[in-house]
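*Asks:* Submitted below is the structure of interest, expressed as structure tokens.
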Amino acid sequence: MTMEARERLIFALDVDSLAEAEGWVQRLQGKVGIYKVGKQLFTRCGPQVVENIRRQGGEVFLDLKYHDIPNTVAMAVVEAARLGVKMVNVHALGGLEMMQAAVAAVDRLFPRGSAGRPVLLAVTVLTSSTAETLRAVGIDRPVEEMVPRLARLAQQAGIDGVVASPREVDLIRRVCGEAFQIVTPGVRPADASLDDQKRVMTPGEAITAGADYLVIGRPISAAADPAAAADRILQEMASALAGRR
Ligand code: C5P
């Protein structure tokens, strides 16, 4: 079954209270399928925010980017899966063994193909990192080499996909194939402010490039009419999806 645009639109819930989170899920009801809960909101509000979103009918991408020793990450991912999140992520830089441990722990709780199994994602190189950032931590390789290399490593570990810049979709598809899931932030409709994002693509371009899911925050949250902004984004995604089939 092909996924509709709304199931591919992830709203970045970059707020710091249960009340604000609830307000956004309410406002975007029927438009956004998945809400991204990051470190700020989760640290402030805890698992309650995940429960609330799910009670309101939304799915959750728990964006906590785990990176620790294999056992610790595996146990954390299991707790995320128990919360009923749809997606959760780890840092690929944590290594093959760490990612394998996370996958194995989820496999025990929710065997592949079972309902309730979360999509396990890896972050390759943060888009805030440059060659300079990598060099300073002893990685002497260009970002364009590290991204596909880490994506492939994640895939070898059994991870389902990666979070990446829309500009990296092509590089990743070349090494990981079509079934690997790609989630892209850094998306801006043609008429929206860039905010602090630098190298962006429009929703249509990102879908055409082969992204599976788009993470979008301020183009919706800062719009005069957020529901209408979400509708326009969904329409653009739907036309691009139709062209892809
Ligand atoms: O408001 P905006 O659409 O820029 O929100 C994008 C969301 O995706 C934010 O929560 C941001 O932290 C996150 N993100 C990103 N770029 C990455 C990874 C995550 O913008 N490379």
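The values are calculated or read from the model by the stated rules, or taken from the named source; none is laboratory data. Everything numeric in this text was worked out from a predicted model, so none of it was measured. Using ideal geometry, Cβ is built from the backbone for each residue, glycine included, and neighbour counts are taken over all protein chains shown. SASA here: full protein model, heavy atoms, side chains in, ligands and nucleic acids out. Shrake-Rupley method; radii C 1.70, N 1.55, O 1.52, S 1.80 Å.
*Asks:* Might you check whether a residue that is outside any helix (DSSP H, G or I), without any contact (Cβ under 8 Å) to a residue 60 or more places away in the chain, open to solvent by 30 Å² or more (accessible area, probe 1.4 Å) and within 12 Å of the ligand (Cβ to nearest atom) occurs anywhere in the range 209-222?
*Replies:* The answer is yes; a qualifying residue exists.
*Asks:* Among the numbered criteria (1) away from the ligand (no atom under 16 Å from the Cβ); (2) open to solvent by 60 Å² or more (accessible area, probe 1.4 Å); (3) free of Cβ contacts under 8 Å to residues at least 24 places away in the same chain; (4) more than 20 Å from V50 (Cβ to Cβ), which single criterion is violated by L96?
*Replies:* Only one criterion is unmet by L96, namely (3).
*Asks:* Shifting gears a bit: Scan G138, G116 and give me the residue that is under 19 Å from the mean Cα position of the chain (by Cα) and at positive phi.
*Replies:* Values: G138 fails: under 19 Å from the mean Cα position of the chain (by Cα).
So the residue among G138, G116 that is under 19 Å from the mean Cα position of the chain (by Cα) and at positive phi is G116.
*Asks:* Now for a separate question. I'm trying to understand the selection: among the residues of the range 189-208, which are within 12 Å of the ligand (Cβ to nearest atom) and in a loop (DSSP other than H, G, I, E, B)?
*Replies:* Passing the criteria: P189, A192, S193, L194, D195, D196, Q197, K198, R199, V200.
*Asks:* Out of everything in the range 25-48 that is away from the ligand (no atom under 12 Å from the Cβ) and in contact with a Leu (Cβ under 6 Å, 6 or more places away or on another chain), what residue ends up being least open to solvent (accessible area, probe 1.4 Å)?
*Replies:* V32
*Asks:* With the condition kept exactly as written, say whether any residue in the range 125-142 is in a loop (DSSP other than H, G, I, E, B), over 19 Å from Y66 (Cα atoms) and open to solvent by less than 60 Å² (accessible area, probe 1.4 Å).
*Replies:* Within the range 125-142, one or more residues are in a loop (DSSP other than H, G, I, E, B), over 19 Å from Y66 (Cα atoms) and open to solvent by less than 60 Å² (accessible area, probe 1.4 Å).
*Asks:* Quick check on E168: is it near the ligand (Cβ under 10 Å from one of its atoms) and in a helix (DSSP H, G or I)? Steps first, answer last, please.
*Replies:* Numbers: near the ligand (Cβ under 10 Å from one of its atoms): yes; in a helix (DSSP H, G or I): yes.
Considered against the rule, which asks whether it is near the ligand (Cβ under 10 Å from one of its atoms) and in a helix (DSSP H, G or I), E168 comes out as yes.
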